[in-house]
1. So how many residues does the range 208-221 have that are hydrophobic (A, V, I, L, M, F, W, C) and assigned to a loop (DSSP other than H, G, I, E, B)?
2. Of all residues in the range 13-47, count the ones that are aliphatic (A, V, I, L, M) and within 21 Å of R225 (Cα to Cα).
3. Which number in (1) over 23 Å from D196 (Cβ atoms); (2) touching a residue at least 12 places away in the same chain (Cβ under 8 Å); (3) of a type in the set (S, T, Y) marks the one condition that Y136 misses?
4. When the range 29-60 is examined, which residues are found to be surrounded by 17 or more Cβ atoms within 10 Å (Cβ to Cβ), in a strand (DSSP E or B) and hydrophobic (A, V, I, L, M, F, W, C)?
5. Within the range 208-224, restricting attention to residues that are charged (D, E, K, R) and surrounded by 14 or more Cβ atoms within 10 Å (Cβ to Cβ), which residue is farthest from the chain's Cα centre (by Cα)?
6. Restricting the range 171-186 to residues that are assigned to a loop (DSSP other than H, G, I, E, B), among the charged types (D, E, K, R) and in contact (Cβ under 8 Å) with a residue 40 or more places away in the chain, which is surrounded by the most Cβ atoms within 10 Å (Cβ to Cβ)?
7. Quick check on the range 61-119: of everything there that is touching a His at 6+ places or on another chain (Cβ under 9 Å) and modelled with pLDDT of 95 or more, which residue is surrounded by the fewest Cβ atoms within 10 Å (Cβ to Cβ)?
8. How many residues are assigned to a helix (DSSP H, G or I) and either free of Cβ contacts under 8 Å to residues at least 40 places away in the same chain or surrounded by 20 or more Cβ atoms within 10 Å (Cβ to Cβ) (or both) when one looks only at the range 145-156?
Amino acid sequence: MTLPKTSKRRADQLRPLRFRRGFVDTAAGSVLVEMGRTRVLCNASVVAEIPRWREGSGLGWVTAEYSMLPAAATPRKARSRTGHTDGRGTEIQRLVGRVLRMVVDMEKLGRNTIYLDCDVLQADGGTRTAAINGAYVALVDAVRWARKEKMIDDHPITGAVGAVSVGMVKGKAVLDLDYELDSGAEVDLNVAMTGDDRFVEIQGTAEQVPFSEEELGKMLALAHRGINKILREQKRCLGIKT
């Protein structure tokens, strides 16, 4: 299947993917992730404290925040004057936190919290999945920093995790939707998986017409192949041998 208009990708092909580590000097882990024209800055900070409700558990915590800069999309989105995230942003940051916690041993993390700040610099579809992919790389670098600083004794990361969008466009399963594809998709699906081929999150919505079990299977298979490619690129940029 040939994608519409300006796209030269195949339907089973990811957009160009790039991780630029060390993008910000002041964070323990910092990555600018680019998936096509979508760019998300993911910074990871390690703080020697845990939430009050976590006290006495012997467990650490990983949490995320997500926001879009005013000029990340057109028209300009007004900056929050209250410091509160809108409903969409709250839902996405909870998603990022949930997904990343699946690959962290909280006991080995110790009495520390890792904050993952995901800020969208430019949005062209798939910002939540890009945030997950970049946050994982930033998380690994932050843990490496924390171990050098003797804040963490054992390596708490238990595996890899990645995410991608997929959808049904004109009756065909398409991988890694940009805004043009997403706005016309009959079905929009976001999938997160671990490196051992287990699902962490599946978010799917029929935008125009309901989808069948067969179509769902095609989308999940396509997402699986796409995520495996993302995981390989994460490992490559982190210097992890596969």
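The values are calculated or read from the model by the stated rules, or taken from the named source; none is laboratory data. Source: prediction; values computed, not measured. Positions of Cβ are backbone-derived with ideal geometry, glycine not excepted, and every protein chain shown enters the neighbour counts.
1. As a first pass, look at the range 208-221 and keep what is hydrophobic (A, V, I, L, M, F, W, C): 209, 211, 216, 219-221.
Then keep just the ones that are assigned to a loop (DSSP other than H, G, I, E, B); that gives 209, 211.
Count: 2.
2. Of the range 13-47, the ones aliphatic (A, V, I, L, M) are 14, 17, 24, 27-28, 31-33, 35, 40-41, 44, 46-47.
Add one more test, that the residue is within 21 Å of R225 (Cα to Cα), and what stays is 14, 17, 33, 35.
Qualifying residue count for the region: 4.
3. (1)
4. Within the range 29-60, V31, L32, V33, M35, V40, L41, C42, A44, V46 qualify.
5. In the first step, residues of the range 208-224 are kept if they are charged (D, E, K, R); the result is 213-215, 218.
Then drop every residue that is not surrounded by 14 or more Cβ atoms within 10 Å (Cβ to Cβ), which leaves 215, 218.
On the way: E215: 24, K218: 22 Å.
The selected residue is E215.
6. Pass one, the range 171-186, residues assigned to a loop (DSSP other than H, G, I, E, B): 171, 176-178, 185-186.
Applying the additional criterion that residues be among the charged types (D, E, K, R) yields 176, 178, 186.
Narrowing further to those that are in contact (Cβ under 8 Å) with a residue 40 or more places away in the chain: 176, 178.
Numbers: D176: 28, D178: 22.
Per the stated criteria, the residue is D176.
7. Going through the range 61-119, the residues touching a His at 6+ places or on another chain (Cβ under 9 Å) turn out to be 90, 105, 108.
If we keep only those that are modelled with pLDDT of 95 or more as well, we get 105, 108.
Working: D105: 13, K108: 16.
Only one residue fits best here, namely D105.
8. Going through the range 145-156, the residues assigned to a helix (DSSP H, G or I) turn out to be 145-148.
With either free of Cβ contacts under 8 Å to residues at least 40 places away in the same chain or surrounded by 20 or more Cβ atoms within 10 Å (Cβ to Cβ) (or both) added as a condition, the list becomes 146-148.
Final tally of qualifying residues: 3.
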